[in-house]
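Notes follow once the structure below has been shown.
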Amino acid sequence: MLRGKNVVLGVTGGIAAYKACEIISGLKKIGANIDVIMTKSAAEFITPYTFQSLTGNPAILNMFESPKYWDMEHISLAQKSDILLIAPATANIMGKVANGIADDMLTTTIMASNKPVVFAPAMNTKMYENPVVQKNMETLIARGYHIIPPKGGMLACGDEGQGKLQDVTIILEELQKIYQKELKTEKKDLEGLKFLVTAGPTREIIDPVRFLSNHSTGKMGYEIAKAIVKRGGRVTLISGPTSLRAPEGVDLVLVETAEEMFEAVKKAYPQCDILIKSAAVSDYRPKIREAQKVKKESQEEEMQLTLVRNPDILLELGKMKKPGNIHVGFAAETENIVEHGQEKIQKKNLDFIVANDVTEEGAGFAHNTNIVHFIDKNGDHSKTEKVEKSAIAHEILDKVLLLK
Ligand SMILES: Cc1cc2nc3c(=O)[nH]c(=O)nc-3n(C[C@H](O)[C@H](O)[C@H](O)COP(=O)(O)O)c2cc1C
């Protein structure tokens with residue numbers, strides 16, 4: 001897949017910088033052409049001559065030395081490349097890119113690029129777990145960059161935990177998968193299709209300061225909406241309360257309760273061909289919405305809250321489904337995933353269901369990754385590896401296209 005393609009390999013200043021040599025050798029086996037850009041710190045660990053010898057191309061370190069190519073290097077490499085891989089990626093480079101800093105050749109090239117950029121971080125576990133590093137990675141993912149997470153194990157500093165550069169074979173596999181996915185988005189294969197996507201939790205109001213809700217963050221639905229726009233489709237995203245920024249190009253409708261979501265969905269549905277319902281809608285709401293805050297003094301040791309059923313949006317829309325429409329449901333399960341999925345498909349007139357076992361490590365609410373089961377109405381069932389939610393979003397859209 002990357003045969004004959006141009007890969008820019010950014011090498012930054014970490015202990016794992018030497019592993020860039022193994023990455024180059026893997027890329028060469030695939031048949032890719034490689035240009036290395038290294039940071040000044042990386043040159044403390046490994047010399048440009050090593051990379052020059054391995055790639056056959058000059059390794060670029062200094063933005064202001066006489067150009068090795070006639071055109072401006074940071075622009076020319078950004079344009080020439082088909083994909084950029086930053087491996088190993090320091091906490092520093094991810095922080096800089098997440099915050100728009102372009103103060104050396106590598107950050108400037110990344111900034112000037114409209115090609116996929118993939119970071120393979122490697123660092124001490126405490127650095128990796130530092131909330132600021134995690135936040136920077138979330139920002140990078142939200143902006144469309146890719147991260148190949150590090151693995152766990154004994155680190156060079158003696159600490160044990162996550163932070164080791166991912167295995168080179170896995171990095172190369174992921175890189176090729178990302179490249180293939182991005183090619184698809186260039187094709188604009190969803191042009192002319194109109195999607196309705198729901199995302200996030202709902203809030204069921206108890207009184208002016210309290211509500212019932214669930215752990216949904218909306219990440220999966222927002223990734224789906226982003227992928228639809230990238231691939232040329234149109235999307236109305238009906239979202240419960242989340243902290244996420246709406247992807248550019250979507251028609252966003254914000255709602256709070258299940259009843260509001262039902263009204264918004266009914267209004268948007270007739271203009272859409274494909275419904276993807278990833279929202280975690282509360283099944284019940286308090287029977288009475290108190291106008292004033294419920295006071296503790298006025299209560300007994302126990303208090304009763306009477307709940308009533310919310311509309312079953314997926315079931316209701318299943319009744320409205322027209323020939324040619326495609327309905328995709330989601331299910332968060334803790335047991336008997338396939339059986340429950342098949343029942344839901346029948347009951348709600350779905351084409352397929354994306355189910356996840358929320359008890360599995362790295363799956364379900366709040367994670368950037370997920371592991372899902374695809375169960376379709378013909379009884380076919382497959383399960384993904386633990387992958388980024390953006391990758392699952394594309395897989396869902398691929399499956400929708402197969403039904404069109
Ligand atoms: C011996 C040594 C090892 C280091 N290893 C790492 C590392 O594995 N990951 C990391 O993020 N930073 C590491 N650092 C810190 C970076 O080198 C430092 O943050 C530097 O500013 C990174 O610059 P760059 O991102 O421009 O390459 C290390 C520093 C030293 C001195």
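Restricting attention to segment 26-66, report how many residues are within 12 Å of the ligand (Cβ to nearest atom), assigned to a loop (DSSP other than H, G, I, E, B) and not hydroxyl-bearing (Ser, Thr, Tyr). Reasoning before the result, please.
Taking segment 26-66 and keeping what is within 12 Å of the ligand (Cβ to nearest atom), we get 37-46, 61.
Within this subset, residues satisfying the condition of being assigned to a loop (DSSP other than H, G, I, E, B) are 39-41, 46, 61.
Filter again for not hydroxyl-bearing (Ser, Thr, Tyr), leaving 40, 46, 61.
Going through segment 26-66 one residue at a time, the tally reaches 3.
Do any residues in segment 22-49 that are at negative phi and surrounded by 19 or more Cβ atoms within 10 Å (Cβ to Cβ) have Cβ atoms under 9 Å from those of residues that are of a type in the set (Phe, Trp, Tyr) and not in a helix (DSSP H, G or I), where the two are at least six apart or on different chains, and which pairs are they?
That search, which allows pairs on different chains as well, returns nothing.
Tell me which residues, restricted to segment 227-243, are in contact with a Ser or Thr (Cβ under 7 Å, 6 or more places away or on another chain) and either of a type outside the set (Val, Ile, Thr) or over 25 Å from residue 272 (Cα atoms) (or both).
Selection gives 227, 230, 231, 240.
Read through the list (1) farther than 20 Å from residue 9 by Cα; (2) among the aliphatic types (A, V, I, L, M); (3) within 13 Å of the ligand (Cβ to nearest atom), then give the number of the only condition that residue 154 fails.
(3)
So if I check each of 282, 278, which one is farther than 22 Å from residue 193 by Cα and surrounded by 19 or more Cβ atoms within 10 Å (Cβ to Cβ)?
Just one listed residue meets the conditions, 282.
Return a yes/no flag: does segment 294-309 have any residue that is farther than 23 Å from residue 262 by Cβ, touching a residue at least 12 places away in the same chain (Cβ under 8 Å), out of contact with any Leu (no Cβ under 9 Å at 6 or more places or on another chain) and surrounded by fewer than 19 Cβ atoms within 10 Å (Cβ to Cβ). Give the derivation first.
Step one: list which residues in segment 294-309 are farther than 23 Å from residue 262 by Cβ, which gives 294-304.
Add one more test, that the residue is touching a residue at least 12 places away in the same chain (Cβ under 8 Å), and what stays is 294.
Still in the list and also out of contact with any Leu (no Cβ under 9 Å at 6 or more places or on another chain): 294.
Right, trim to surrounded by fewer than 19 Cβ atoms within 10 Å (Cβ to Cβ) and you get 294.
Scanning segment 294-309, I find at least one residue that is farther than 23 Å from residue 262 by Cβ, touching a residue at least 12 places away in the same chain (Cβ under 8 Å), out of contact with any Leu (no Cβ under 9 Å at 6 or more places or on another chain) and surrounded by fewer than 19 Cβ atoms within 10 Å (Cβ to Cβ), so the answer is yes.
With segment 257-325 as the region, which strands (runs of 3 or more DSSP E) entirely inside it contain at least 3 residues that are under 20 Å from residue 403 (Cα atoms) and assigned by TED's automatic domain parsing to the domain that holds residue 216?
Numbers: elements: 274-277, 284-286, 307-309.
Filter on segment 257-325 gives 274-277.
Tally time: how many residues in segment 123-150 are over 27 Å from residue 183 (Cα atoms) and within 14 Å of the ligand (Cβ to nearest atom)?
Residues that pass the stated criteria total 11.
Output the residue which, of all residues in segment 370-382 that are touching a helix residue (DSSP H, G or I) at 6+ places or on another chain (Cβ under 9 Å) and surrounded by fewer than 18 Cβ atoms within 10 Å (Cβ to Cβ), is modelled with the lowest pLDDT.
Out of the qualifying residues, it is 379.
Within segment 126-159, take every residue that is touching a Gly at 6+ places or on another chain (Cβ under 6 Å) and assigned to a helix (DSSP H, G or I) and give me the one that is surrounded by the most Cβ atoms within 10 Å (Cβ to Cβ).
Top of the filtered list is 136.
Scan segment 162-185 and give yes if some residue there is touching a residue at least 12 places away in the same chain (Cβ under 8 Å), under 24 Å from residue 387 (Cα atoms) and in contact with a Ser or Thr (Cβ under 7 Å, 6 or more places away or on another chain), otherwise no.
Yes: segment 162-185 contains one or more residues that are touching a residue at least 12 places away in the same chain (Cβ under 8 Å), under 24 Å from residue 387 (Cα atoms) and in contact with a Ser or Thr (Cβ under 7 Å, 6 or more places away or on another chain).
Are any residues in segment 245-273 under 16 Å from the mean Cα position of the chain (by Cα) and surrounded by fewer than 19 Cβ atoms within 10 Å (Cβ to Cβ), and if so, which ones?
245, 246, 248 - these are the residues of segment 245-273 that are under 16 Å from the mean Cα position of the chain (by Cα) and surrounded by fewer than 19 Cβ atoms within 10 Å (Cβ to Cβ).
Being part of a loop (DSSP other than H, G, I, E, B) and among the basic types (Lys, Arg) is the filter here; which residues of segment 160-205 pass it?
Listed by number, the residues that qualify are 188, 203.
Inside segment 202-216, can you point out the residues that are at pLDDT below 95 and surrounded by 22 or more Cβ atoms within 10 Å (Cβ to Cβ)?
216, the sole residue that qualifies.
Determine whether segment 78-96 contains at least one residue that is in contact (Cβ under 8 Å) with a residue 12 or more places away in the chain, among the aliphatic types (A, V, I, L, M) and either away from the ligand (no atom under 16 Å from the Cβ) or surrounded by fewer than 18 Cβ atoms within 10 Å (Cβ to Cβ) (or both).
yes
For segment 285-321, which positions are basic (Lys, Arg) and within 20 Å of residue 193 (Cβ to Cβ)? Don't jump to the end; show me each part of the working.
Residues of segment 285-321 that are basic (Lys, Arg), as a first pass: 285, 287, 289, 293, 295-296, 309, 319, 321.
Result: 321, single match.
The values are calculated or read from the model by the stated rules, or taken from the named source; none is laboratory data. The structure presented is a predicted model; accordingly, all values stated were derived computationally and were not measured. Cβ coordinates were reconstructed from backbone atoms using ideal geometry, including for glycine residues, and neighbour counts include every protein chain displayed.
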